[in-house]
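The values are calculated or read from the model by the stated rules, or taken from the named source; none is laboratory data. Source: prediction; values computed, not measured. Neighbour counts are summed over all protein chains in view; Cβ atoms, including those assigned to glycine, are modelled from backbone coordinates with ideal geometry. Only protein heavy atoms, including side chains, enter the accessible area calculation; ligands, DNA and RNA are left aside. Shrake-Rupley method; radii C 1.70, N 1.55, O 1.52, S 1.80 Å.
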Amino acid sequence: MKYDFTTVANRRNIGAAKWALMLEKNPNAEKDVVPFSVADMEFYNAPELMNGLAEYVKQPIYGYTDATDAYYNAVVDYMKKYHSWEIEKEWICPTNGVVGALNDLVRVLTKPNDGIVIMRPVYYPFSSAITRNNRRLINVPLINNNEKYEIDFEAFDQATKPEEVKMFILCSPHNPIGRVWTKEELQKLGDICIKNDIIIISDEIHFDFIMDKHEHTVMSTLSEEIANRTIVCTAPSKTFNLGGVKVSNIIISNPEYREKYMEVTNFLNTFAYKTCEIVYTECREWFEALMDVLHENKKLVEDFIAEHLPMIKVYPLEGTYLMWLDCRALGLSNEELENLMLKNDLYLDEGYLFGEEGSGFERWNIACPKQELLAGLERFKTAIETL
Ligand SMILES: Cc1ncc(COP(=O)(O)O)c(C=O)c1O
């Protein structure tokens, strides 16, 4: 293979957040153990990116930098080519991270005490973006029918009806439960938001990680009317493993929302602009090779658990590289489950972090070399066998 997806990187003590978290929980974590929590990947970056940045670093001056035409064209072309989404250069708001953007959007587009809807279990910074900014969190839990998760449209309609409810934060594809919402599901949500006059923040940061036959639809492509009330949060950071670069593009076609947002947003640094431009124009081949590895890893987890741990239910991974495992059949409390994992050198994201609906679940990041994933699965089996 042209790219290296097998070398295991040692990211201890270099500031890697996922590794620091592991060592904080257990300073004596075994030497060869890789954590499976925070959503970045244990794969080396695309060589095209490393080479491109190495060239860029040779520039003699790192002065204040604006987005160039080459930058905007890279984003516009990527959205068109890979997401069938025609955007204007003016709609692109380069921003140093989606989580910061969510907080800023909440502050500029709603008022204190306004209601904001989310569907738990969901990426936990959605909740803090609402509560830390003194808005009212309204949860419309997803329906877990034990096969897959579905949206409770009736409850969503009721929740978004009151005048003081102003916004909905959608996760699409949905972290942590791995659904890729269908066009029909998104259309239904969009129609309700139009009817009840709700602004939609659609966090589509995982939009490139689409498994098997599933298809991702960008919320704003559904209709002009939906686009006009939707802000789409995109980023090259998950796709190309750039969490530490802090680079995202918030796409806002509505000029009123855009103007408000642009007054508060933090733009990019000179290296982040260049990074986005390089990955969107030169690194897609790397990404496609990566997807083959992720499909294999997904199957490895499914097959291993089906064979050795049939009491654990693996939810179908339609999108993202984060698998959602139902461990409720073990009959453990959240604390007991977490301790069992830690005792066996397993560093996962505990389901309850994503809301109480996630109690008894584990989120497992499978973006790592296969041998590490297999070693983790063996520890998982040992852990459960000790019960
Ligand atoms: C749904 C979702 N949104 C946002 C982020 C983080 O975005 P950023 O690093 O750009 O703040 C993550 C990271 O895991 C995520 O899963």
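What is the residue count in segment 38-64 for residues that are more than 20 Å from Phe207 (Cβ to Cβ) and in contact with a Phe, Trp or Tyr (Cβ under 6 Å, 6 or more places away or on another chain)? Of the residues in segment 38-64, 0 are more than 20 Å from Phe207 (Cβ to Cβ) and in contact with a Phe, Trp or Tyr (Cβ under 6 Å, 6 or more places away or on another chain).
For segment 203-262, the set of residues classified as of a type in the set (D, E, K, R) and either within 16 Å of the ligand (Cβ to nearest atom) or closer than 22 Å to Glu185 by Cβ (or both) consists of Asp203, Glu204, Asp208, Asp212, Lys213, Glu215, Glu224, Glu225, Arg229, Lys238, Lys246, listed by residue number. Answer yes or no as to whether Thr382 is touching a residue at least 24 places away in the same chain (Cβ under 8 Å), open to solvent by 10 Å² or more (accessible area, probe 1.4 Å) and more than 26 Å from Phe240 (Cβ to Cβ). Here the answer is yes, as Thr382 does meet what is asked.
Listed here are the residues, each with its yes/no results for (1) out of contact with any Lys or Arg (no Cβ under 6 Å at 6 or more places or on another chain); (2) within 25 Å of Asp208 (Cα to Cα); (3) assigned to a loop (DSSP other than H, G, I, E, B).
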position	(1), (2), (3)
Glu296	yes, yes, no
Lys299	yes, yes, no
Asp303	yes, yes, no
Glu307	yes, no, no
Met311	yes, no, yes
Ala329	yes, no, no
Leu337	yes, no, no
Met341	yes, no, no
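Applying the criterion of being assigned to a loop (DSSP other than H, G, I, E, B) and within 16 Å of the chain's Cα centre (by Cα) to the residues of segment 119-151, the residue that is surrounded by the most Cβ atoms within 10 Å (Cβ to Cβ) is Pro121. The one condition from (1) open to solvent by less than 20 Å² (accessible area, probe 1.4 Å); (2) within 16 Å of the ligand (Cβ to nearest atom); (3) more than 18 Å from Val245 (Cα to Cα); (4) in a loop (DSSP other than H, G, I, E, B) that Glu42 does not meet is (3).
Somewhere in segment 19-28, is a residue assigned to a loop (DSSP other than H, G, I, E, B), surrounded by 20 or more Cβ atoms within 10 Å (Cβ to Cβ) and either in contact with a Phe, Trp or Tyr (Cβ under 7 Å, 6 or more places away or on another chain) or in contact (Cβ under 8 Å) with a residue 12 or more places away in the chain (or both)? No - not one qualifying residue is present in segment 19-28.
Of all residues in segment 204-216, those that are touching a residue at least 60 places away in the same chain (Cβ under 8 Å) and outside any loop (DSSP other than H, G, I, E, B) have Cβ atoms under 7 Å from Cβ atoms of residues that are of a type in the set (A, V, I, L, M, F, W, C) and open to solvent by less than 20 Å² (accessible area, probe 1.4 Å), 6 or more apart or on another chain, in Ile210/Val180.
Only one of these is open to solvent by less than 40 Å² (accessible area, probe 1.4 Å) and within 16 Å of the ligand (Cβ to nearest atom): Ile116, Ile87. Name it. Step through it out loud before you land on a result.
On the way: Ile87 fails: within 16 Å of the ligand (Cβ to nearest atom).
Unique residue meeting the criteria: Ile116.
Would you check if Ile198 is open to solvent by less than 10 Å² (accessible area, probe 1.4 Å), more than 22 Å from the chain's Cα centre (by Cα) and modelled with pLDDT of 95 or more? Answer is yes for this residue. Being open to solvent by 20 Å² or more (accessible area, probe 1.4 Å), under 30 Å from Ala289 (Cβ atoms), away from the ligand (no atom under 16 Å from the Cβ) and touching a strand residue (DSSP E or B) at 6+ places or on another chain (Cβ under 7 Å) is a property that holds for Tyr72. Which one is nearest to the ligand (Cβ to nearest atom) among residues in segment 90-113 that are part of a loop (DSSP other than H, G, I, E, B) and not charged (D, E, K, R)? My answer is Gly97.
Among the residues of segment 329-361, the ones that are free of Cβ contacts under 8 Å to residues at least 60 places away in the same chain, at negative phi and surrounded by 15 or more Cβ atoms within 10 Å (Cβ to Cβ) come to 11 in all.
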